[in-house]
Every structure is written in structure tokens, then in C-alpha cells.
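Each remark here refers to the structure printed beneath this line.
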Amino acid sequence: MWFACDCRRPWEVTVKAMISVQAAHCSNASGRFAPFPSSHSRCWHQGQREMPAEASESWNSASQVYAPFEAFTGQFTRAAAAEIPSLLSDSASSGPLRIMDVASGTGASTFALCKTLADHCRQKSPKALVVATDFSEAMLKTLTEKFTASSADPEVMASQAAEKEGFLELATQVADAQDLSAFADGTFDAINCSFGIMFPKSPEKVAREFWRLLKPGGVAVVTTWHYNNMPAEILVDLAHVFKGRGRFDQLPLATATEKFGSEAFMRRLFRGDLEDGSDASGSPGSPLWRSRDLQAKFIAGSSYCLPRHMAAMMNKTPLASDLGHWDEDAVEKHLQDHWTGEDGRIVLQGTALVLFARKPIS
Ligand SMILES: C[S@@+](CC[C@H](N)C(=O)[O-])C[C@H]1O[C@@H](n2cnc3c(N)ncnc32)[C@H](O)[C@@H]1O
């Protein structure tokens with residue numbers, strides 16, 4: 001219940017909350033995590049703005065089928081996370097590192113981050129405090145289950161080991177990326193956001209929240225699709241075949257993904273140039289990053305994905321919901337017939353754009 005207690009000292013209060021909830025409910029192996037649930041949603045309704053329920057509900061349902069897609073996105077997320085320690089060296093203070101993973105989903109990005117930070121902390125810094133935030137409670141619940149259960153995933157295992165050794169604390173918080181007001185200004189050494197910024201209604205608000213939350217010298221690392229055949233080819237192909245020729249030439253998802261995959265668009269977003277010049281109160285919006293504080297990097301990769309996983313995703317993920325209901329058997333058959341190689345698997349290829357936005361020291 002740390003929101004209700006003291007919104008401006010999240011770390012301290014999180015630890016207290018974790019301990020007290022653990023005593024009341026937790027029966028998992030490490031007993032570290034507050035079980036989700038009600039405490040978080042109650043907090044939202046007591047003290048915070050209401051969450052956009054519809055959108056988070058569809059992501060809740062996507063959490064059940066997200067794992068195979070994570071296998072694809074993980075390669076990009078891992079590469080982006082690996083950059084963070086070297087970016088921290090200037091900004092890190094003498095205390096623990098504070099890092100937020102925004103729109104963390106079921107943890108592919110979070111555990112990649114935790115592993116890389118643990119390696120860093122073993123050598124340089126006393127400890128990393130990582131908070132994973134997402135507006136989907138179910139996504140965070142899965143993340144917690146991964147962290148508290150025995151696991152064969154090397155990143156989860158490394159995170160668990162780092163926690164035991166005292167190099168890492170991992171907390172979660174249900175929060176809309178557009179309103180992270182539960183966290184104090186200038187709290188974070190780094191903010192990571194992988195494949196998340198394209199979904200909130202106002203990415204401008206998300207960029208402003210990142211600016212507010214970062215310490216001077218801190219850095220936001222924001223990963224989007226630069227090019228990805230999942231929406232742009234497979235979805236278009238499926239829509240074309242199953243939903244009627246010509247109706248889906250401009251898929252909302254593909255269009256949105258392309259926009260956020262443009263370096264120029266991302267730079268404008270983080271400079272505050274996409275805003276209309278005033279904030280919600282009507283006063284002129286303050287500037288955000290300067291061009292020289294922004295750097296982009298592109299990462300290409302590929303991985304396998306089974307047709308049945310893709311088929312299961314069609315009716316679960318909001319990524320495909322604008323296309324209506326799918327016949328999963330038909331989708332699987334089509335993908336099997338048209339997209340699989342000799343080994344019976346689909347190769348997903350893609351390129352991610354990673355934007356590094358460092359907040360100037362002065
Ligand atoms: C494609 S997943 C990315 C998850 C993870 N970062 C990764 O790399 O695997 C997008 C995530 O964004 C979350 N999300 C969408 N809109 C959001 C919002 N307005 N605030 C917070 N999270 C949001 C969804 O719940 C989902 O977990």
C-alpha cells in the first residue's frame with residue numbers, strides 16, 4: 001500500500017509494503033514479492049487517477065499468450081539493456097541505482113535489465129533498485145511469478161541470484177506510463193521502455209514523465225520497432241486473406257508501429273516538438289531534450305515463432321483486435337501453409353530502433 005502511505009518515497013515504502021504483505025499472504029519460494037492483487041488496484045481507486053480499464057484489460061488477456069512473442073522481442077530488449085551500464089557511469093550517484101522499466105509486460109525487458117545491472121553492481125555500485133511498471137496487473141503478476149518460481153531462464157536466474165546476493169531489489173507497480181505521479185521528480189538514474197511507448201494515447205505525456213522522473217544526467221532508453229514483419233507482413237497477409245481484400249491496407253497497428261519506428265518522429269517526440277505548445281493547464285509546455293542529447297541505434301534480429309502461438313495471439317492481443325475475431329484453426333493452417341520453412345517454423349525478422357535520451361546535468 002505504498003501509494004497510499006507516501007507517494008514521494010517509493011523505494012523505502014515499497015520495501016515496507018513487500019515485507020508486510022509477505023507476512024500476510026506470500027507463500028512463494030523467496031517470499032520477496034508482494035502478491036499483486038488487490039492492494040494495487042485498491043490504491044488506484046483510493047488515491048490515484050483511474051486506469052483506462054478497457055485498454056489494460058485487453059493487455060491482461062494478452063499476458064496469457066505473450067511468451068512466444070517475448071522470445072522474439074527479447075533479443076532486442078537484451079541488446080538495449082546491455083547498453084545501460086555504460087550510460088550510467090556518468091550519472092550514477094554514490095547510493096543505490098534506481099531504474100524503472102516502464103510497460104514491462106511479463107518481464108522480458110525487466111529481467112534483461114536486472115541481469116545486466118547485477119553484473120554492473122557486482123563491480124561498481126552497491127545495489128540496483130529496479131521497479132517494473134505496467135498498467136496491466138496480469139502482466140505484472142506473470143512477471144512476479146517468474147521471479148519467485150524456480151526457473152530455467154538465464155536472465156530470471158541471474159536476477160534471482162543477484163537478489164539473494166544483495167545486489168538487486170525488484171519491485172512492481174501497476175501504473176499508467178502517462179501518469180507516473182506516484183514517483184518523485186528526479187528519482188531515477190535510468191528509465192527503460194521496450195516496445196511500450198507506442199500504445200498509450202499520449203506518448204507526449206510519457207516522454208514528459210520520463211523527463212520529470214530522471215535525475216540530471218540520467219538516461220531514458222526507449223525501444224520501438226524500426227521494421228518488423230510481424231505486423232507489417234504477417235498481419236497484413238492474414239487480414240488480406242481472412243478479412244477481405246483491400247479492407248486492411250492501412251492497418252492501424254502497422255501504421256502506428258511505423259510512425260514510432262521513425263527516428264525523426266521519436267526525436268520530435270522527445271524534444272517536445274509534437275506537442276501543441278501548452279500543457280494541460282494551458283501554460284506553455286517546457287522544453288524537453290535537445291537534439292544533441294538524443295541518440296539512436298538500430299538492431300536487426302530474427303527468431304522462430306510457432307504458427308499455433310501466432311494463432312493464439314490473434315484473439316488475445318490488442319495488437320490484432322482492430323481486425324475483429326479470428327478463426328484460430330484457419331490462422332494456424334494459413335501460417336503453416338504459407339509462412340513456415342522446412343523445419344516447420346516461422347522466422348520472424350525485425351529491426352528495432354533504440355533511442356537514448358540523456359537528461360542534461362544543467
Ligand atoms: C508489447 S508489450 C512490451 C512488454 C515488455 N516491455 C517487453 O519488452 O517484452 C507492451 C506492454 O505495454 C503495456 N502498456 C500498454 N499501454 C500502457 C500504458 N498506457 N501504461 C503502461 N503500460 C502500458 C502493456 O500492458 C504491455 O505489457
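The values are calculated or read from the model by the stated rules, or taken from the named source; none is laboratory data. Note that the structure is predicted; figures quoted are calculated from it, not measured. Every residue, glycine as well, gets a Cβ built from its backbone with ideal geometry; the counts of neighbours run over all protein chains shown.
Each row is one residue, and each column tells you yes or no for (1) assigned to a helix (DSSP H, G or I); (2) modelled with pLDDT of 85 or more; (3) closer than 30 Å to W211 by Cα; (4) of a type in the set (V, I, T).
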| position | (1), (2), (3), (4) |
| --- | --- |
| G301 | no, yes, yes, no |
| R308 | yes, no, no, no |
| T317 | no, no, yes, yes |
| H325 | no, no, no, no |
| H334 | yes, yes, no, no |
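Total residues in the stretch 176-196 satisfying the condition of being touching a Leu at 6+ places or on another chain (Cβ under 8 Å) and within 27 Å of A71 (Cα to Cα): the figure is 3. Picking from residues in the stretch 189-214 that are more than 16 Å from the chain's Cα centre (by Cα) and within 19 Å of T116 (Cβ to Cβ), the one that is surrounded by the most Cβ atoms within 10 Å (Cβ to Cβ) is D189. Checked against the criterion of being closer than 14 Å to V174 by Cα, in a helix (DSSP H, G or I) and either at pLDDT below 95 or out of contact with any Gly (no Cβ under 8 Å at 6 or more places or on another chain) (or both), the stretch 73-85 contains not a single residue that satisfies it. Does A171 fit the bill of being surrounded by fewer than 24 Cβ atoms within 10 Å (Cβ to Cβ) and in a strand (DSSP E or B)? In short, yes.
Would you be able to tell me the number of residues in the stretch 112-150 that are assigned to a loop (DSSP other than H, G, I, E, B), surrounded by 24 or more Cβ atoms within 10 Å (Cβ to Cβ) and in contact with a strand residue (DSSP E or B) (Cβ under 7 Å, 6 or more places away or on another chain)? Selection size over the stretch 112-150: 1. Confirm whether T106 is modelled with pLDDT under 95 and near the ligand (Cβ under 9 Å from one of its atoms). It is true that T106 is modelled with pLDDT under 95 and near the ligand (Cβ under 9 Å from one of its atoms). So is S109 farther than 30 Å from E204 by Cα, surrounded by 24 or more Cβ atoms within 10 Å (Cβ to Cβ) and touching a Cys at 6+ places or on another chain (Cβ under 9 Å) or not? It is false that S109 is farther than 30 Å from E204 by Cα, surrounded by 24 or more Cβ atoms within 10 Å (Cβ to Cβ) and touching a Cys at 6+ places or on another chain (Cβ under 9 Å). Taking the criterion of being under 13 Å from the mean Cα position of the chain (by Cα) and of a type in the set (S, T, N, Q), the residues of the stretch 131-154 that qualify are T133, S136.
Tell me, yes or no, whether the stretch 86-94 has at least one residue that is within 13 Å of the ligand (Cβ to nearest atom) and either over 27 Å from S302 (Cβ atoms) or modelled with pLDDT of 95 or more (or both). No, there is no match, as no residue in the stretch 86-94 is within 13 Å of the ligand (Cβ to nearest atom) and either over 27 Å from S302 (Cβ atoms) or modelled with pLDDT of 95 or more (or both).
Considered as a group, the residues in the stretch 336-351 that are part of a helix (DSSP H, G or I) and of a type outside the set (S, T, N, Q) include one that is surrounded by the most Cβ atoms within 10 Å (Cβ to Cβ), and that residue is W339.
Here is the figure for the stretch 43-60: residues that are surrounded by 17 or more Cβ atoms within 10 Å (Cβ to Cβ) and modelled with pLDDT of 70 or more total 3.
Residues are listed down the side, and each one gets a yes or a no for (1) more than 16 Å from the ligand (Cβ to nearest atom); (2) closer than 13 Å to Q173 by Cα; (3) modelled with pLDDT of 90 or more:
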position: L97; (1), (2), (3): yes, no, yes
position: R122; (1), (2), (3): yes, no, no
position: A132; (1), (2), (3): no, yes, yes
position: F135; (1), (2), (3): no, yes, yes
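Reported count of residues in the stretch 239-265, each being hydroxyl-bearing (S, T, Y) and modelled with pLDDT of 80 or more, is 1. Can K164 be described as over 20 Å from T73 (Cβ atoms) and in a helix (DSSP H, G or I)? It is true that K164 is over 20 Å from T73 (Cβ atoms) and in a helix (DSSP H, G or I).
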